[in-house]
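Here is the structure we will look at, set down as structure tokens.
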Amino acid sequence: MLLKIYQQLHAHFGPMMGAAAYRPWWPIFGPDAPFEILVGAVLVQQTRWEAVEQTVLRLLEVGLLQPAALAAVDTEQLGQLIRPVAFYRQKAPGLSAIAAHITQRYQGNTAVMLAQPLAPLRQELLALPRIGYETCDTTLLYGGQHAIFVIDEYTRRLFERVFQEQGTENEEQRVGSKGIWRQPYEKVRLRVETALRVEQKNREQRTEEQALFADFHAQINEVCVRYCLSRPRCDGPPARRVYSRQAGRDHYHGRVDGCPLRDGCGYYKRGGSEGRSPSEKPNF
Ligand code: SF4
């Protein structure tokens, strides 16, 4: 079932991690991609990507998008530099401590740090300041090419809506008043990874696991940015948000065919939470 969702998204949006002009999906501007991804993953907490990208470019411009330089800069000054992002006062000392860790333990080489085996590396990252599960796994997946699925608010919201029917009909899938997609991070991650592994086994053509997880997460992000917003735009038009300066990012704006998941979406089939087609609601 999850693979079907992935295939529908992939068929609609195209591969997110390929070689087209605006790809890979996670835009990289400087020479140290693993460190840039780690910094971006911290900056994006509670923050729109537009502000993150602006901040990453600023750090790059002043020579701070490298561990040794970032560890050495005064945290007050760093706070001012990253001011467009939320919680910049807390994120500045956090980033400084992360950069110092990489500088002292790995001679500033983030790729070497991320090349370690997944389980101990994950524990090491989770012990650093400002790194929770989502930030950690985003870094592992995109910065270290580890096969781990990232669970974020978009993932929870999308699956909650798509599987709405099953969630309400099967009591085993309910957890008190919360649905299964609102369970703690690790439970949801393991649920998704296990389901994808089982579904992959039954396919003749399997996609390499890390590539599948990375592209699927990007596809989820895209459908949630375009259609499955807090007030969904199931029948379109898609939101015209351009969230990266990478060339080609506005390629999607002409599409008029609506969310590709409508056929199998429980929320859509139920006519939305108000008992009518979400398309009847004013979405924007
Ligand atoms: S059909 Fe509507 S509710 Fe369902 S996934 Fe698409 S945008 Fe979200």
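The values are calculated or read from the model by the stated rules, or taken from the named source; none is laboratory data. Quick caveat, the model's predicted, so the values are computed rather than measured. Ideal geometry is used to build each Cβ from the backbone, glycine not excepted, and the neighbour counts take in all protein chains shown.
Numbers at a glance
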item	result
Residue tally, condition in contact (Cβ under 8 Å) with a residue 40 or more places away in the chain and part of a helix (DSSP H, G or I), over segment 118-135	3
Residues within segment 242-272 that are closer than 24 Å to Trp26 by Cα, at pLDDT below 90, within 15 Å of the ligand (Cβ to nearest atom) and buried (at least 16 other Cβ atoms within 10 Å of the Cβ), tallied	1
Test result for Leu141, of a type in the set (A, V, I, L, M, F, W, C), in a helix (DSSP H, G or I), within 16 Å of the ligand (Cβ to nearest atom) and in contact (Cβ under 8 Å) with a residue 24 or more places away in the chain	no
Test result for Gly63, over 24 Å from the mean Cα position of the chain (by Cα), under 18 Å from Gly144 (Cβ atoms), small (Gly, Ala, Ser) and assigned to a loop (DSSP other than H, G, I, E, B)	no
Flag if Cys224 is in a loop (DSSP other than H, G, I, E, B), touching a Phe, Trp or Tyr at 6+ places or on another chain (Cβ under 8 Å) and either within 12 Å of the ligand (Cβ to nearest atom) or farther than 26 Å from Gln145 by Cβ (or both)	no
Residue in segment 85-103 that is free of Cβ contacts under 8 Å to residues at least 40 places away in the same chain and of a type in the set (D, E, K, R) present	yes
Scan of segment 252-269 for residues that are of a type in the set (Ser, Thr, Tyr) and assigned to a loop (DSSP other than H, G, I, E, B), ordered by number	Tyr252
Qualifying residue in segment 78-98 (condition: aromatic (Phe, Trp, Tyr), part of a loop (DSSP other than H, G, I, E, B) and modelled with pLDDT under 95)	no
Test: residue in segment 45-52 that is under 30 Å from Lys201 (Cβ atoms), modelled with pLDDT under 95 and not polar (S, T, N, Q)	no
Test: Val192 is more than 14 Å from the ligand (Cβ to nearest atom), among the aliphatic types (A, V, I, L, M) and at pLDDT 95 or above	yes
